[in-house]
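These notes concern the structure reproduced below.
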Amino acid sequence: MYLAQYPRRQYTEGYTPIEKLERLTAAVGGANIYIKRDDLLGLTGGGNKTRKLEFLVADALRQGADTLITCGGIQSNHCRLTLAAAVKEGLKCRLIVSEITPGSYHIGAGGNVFLYHLLGAEDIKVIPWGSDIIAEMEQTAAKAIEEGCKPYIIPMGGSNALGALGYVACAEEIMQQAFFMGMPIDHIVVACGSAGTYSGLLFGLRGNNCHIPVSGISVLNSQEVLQNRIIDIFTEIADYLNSNVQIPSEAVTCFDEYLGDGYTIPTAAMIEAVKLVARTEGILLDPTYTGKAMAGLIDLIKKGYFKKDANVLFLHTGGSPGLYANMSLFL
Ligand SMILES: Cc1ncc(COP(=O)(O)O)c(C=O)c1O
């Protein structure tokens with residue numbers, strides 16, 4: 001796909017590495033585990049949102065915006081990275097964060113909350129979980145306009161067609177790297193929240209006639225809700241690119257059994273997976289996304305879902321600042 005025709009800011013120099021996790025592979029005792037280090041992407045602390053923001057922020061600048069508005073949970077990697085992109089571009093940034101547990105947002109909450117303050121968010125509005133967050137962003141934008149600003153709203157997780165182009169590009173990067181490494185990838189595993197990462201990735205693979213299966217590990221929604229969301233985003237991407245690539249619903253594979261009691265609620269398997277990857281590979285995962293996704297990958301290997309000699313690529317989507325808001329889980 002010829003993505004160079006779409007405006008893009010560049011926040012990372014070159015490709016993120018693909019590394020073989022020899023010690024983790026030995027510890028789990030199954031398929032060969034590789035990792036794509038998107039935790040090393042540019043902007044503050046890296047992570048998957050950096051790729052989406054390259055396209056979203058370019059669009060904001062093209063429209064003459066001077067203020068980015070977005071939303072997320074309290075420990076939102078997406079809010080942190082949107083704010084970091086705003087700082088880098090000399091824009092202002094207003095955040096709306098929703099609290100699952102009342103009172104849990106406070107300056108001492110650590111992790112991403114600390115970074116919102118360090119990076120100098122212009123405004124942070126805290127709302128209860130389940131409020132109409134889209135309406136809140138629209139109200140914030142209306143207020144910014146009244147104040148003479150030019151706001152640009154970035155949707156939750158940066159997961160619209162434009163943001164997902166970041167992962168269409170990532171799919172092409174992975175195919176190139178596999179070619180140069182001379183290593184066929186048999187399977188990709190990724191955490192799924194707002195689903196833009198999964199959707200962009202699968203679209204990029206299929207659009208290049210590459211049929212590597214992608215397993216999405218849900219950290220937010222039921223399998224059914226996630227699957228429908230992915231199909232909606234595919235349609236949006238195809239419309240945006242004016243492409244006739246079609247993704248059959250059988251190509252979408254997601255698992256919701258690693259979610260536990262819900263979004264951000266820790267599971268024992270997540271804690272074990274975060275510790276195991278830290279202690280075998282020195283790589284930091286996070287409690288909300290990549291820890292649960294890795295717990296899923298390990299369980300799927302143990303269940304024999306992947307062949308013993310398969311090459312499985314885990315997409316590390318970042319999030320490690322969240323560890324510092326949840327330290328007691330890992331002590
Ligand atoms: C670290 C991390 N991994 C994975 C995801 C999920 O990505 P998506 O929302 O595109 O499904 C997020 C989203 O916030 C994230 O912060």
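The values are calculated or read from the model by the stated rules, or taken from the named source; none is laboratory data. Everything numeric here is computed off the predicted structure, so don't read it as measured data. Glycine also receives a Cβ, built like all others from the backbone with ideal geometry; neighbour counts cover every protein chain displayed. In case anyone asks, the SASA skips ligands and DNA or RNA and just uses the protein heavy atoms, side chains included. Shrake-Rupley method; radii C 1.70, N 1.55, O 1.52, S 1.80 Å.
Among residues of region 310-331 that are within 22 Å of R80 (Cβ to Cβ) and part of a helix (DSSP H, G or I), those with a Cβ under 9 angstrom from a residue that is within 14 Å of the ligand (Cβ to nearest atom) and among the aromatic types (F, W, Y), sequence gap 6+ or separate chain, pair up as G322/Y289.
Yes/no per residue for (1) closer than 23 Å to G262 by Cβ; (2) at pLDDT below 95:
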site	(1), (2)
E99	yes, no
S104	yes, yes
V113	yes, no
E138	no, no
S159	yes, no
L162	no, no
L165	no, no
A171	no, no
F179	no, no
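Comparison of G103, G47 shows that the only residue that is more than 16 Å from the ligand (Cβ to nearest atom) and not in a helix (DSSP H, G or I) is G103. Is it the case, given these coordinates, that D66 is under 28 Å from N326 (Cβ atoms) and among the acidic types (D, E)? In short, no. You will find that of G42, G30, G14, the residue that is at pLDDT below 95, in the same structural domain as H316 (by the TED database) and open to solvent by less than 60 Å² (accessible area, probe 1.4 Å) is G30 and no other. Annotation: of all residues in region 168-186 being surrounded by 18 or more Cβ atoms within 10 Å (Cβ to Cβ) and over 20 Å from the mean Cα position of the chain (by Cα), the one that is nearest to T50 (Cα to Cα) is Q177.
Residues that are in a helix (DSSP H, G or I) and either outside the structural domain of K292 (by the TED database) or among the small types (G, A, S) (or both) within region 187-234 comprise G196, S199, G200, G204, G207, listed in sequence order. Under the condition of being of a type in the set (V, I, T), under 24 Å from I298 (Cα atoms) and either assigned to a helix (DSSP H, G or I) or within 13 Å of the ligand (Cβ to nearest atom) (or both), the residues counted in region 153-186 number 1.
The set of residues in region 252-305 that are of a type in the set (D, E), in a helix (DSSP H, G or I) and out of contact with any Lys or Arg (no Cβ under 9 Å at 6 or more places or on another chain) comprises E272, D299. Criterion applied to V214, V189, V277, V245 was being within 13 Å of the ligand (Cβ to nearest atom), over 14 Å from the mean Cα position of the chain (by Cα) and over 28 Å from W129 (Cα atoms), and the one residue passing it is V214.
For beta carbons closer than 7 Å, sequence separation of 6+ or different chains, a first residue in region 192-205 that is more than 6 Å from the ligand (Cβ to nearest atom) and a second that is assigned to a helix (DSSP H, G or I) and hydroxyl-bearing (S, T, Y), the qualifying pairs are G200/Y167; L201/Y167; G204/Y167.
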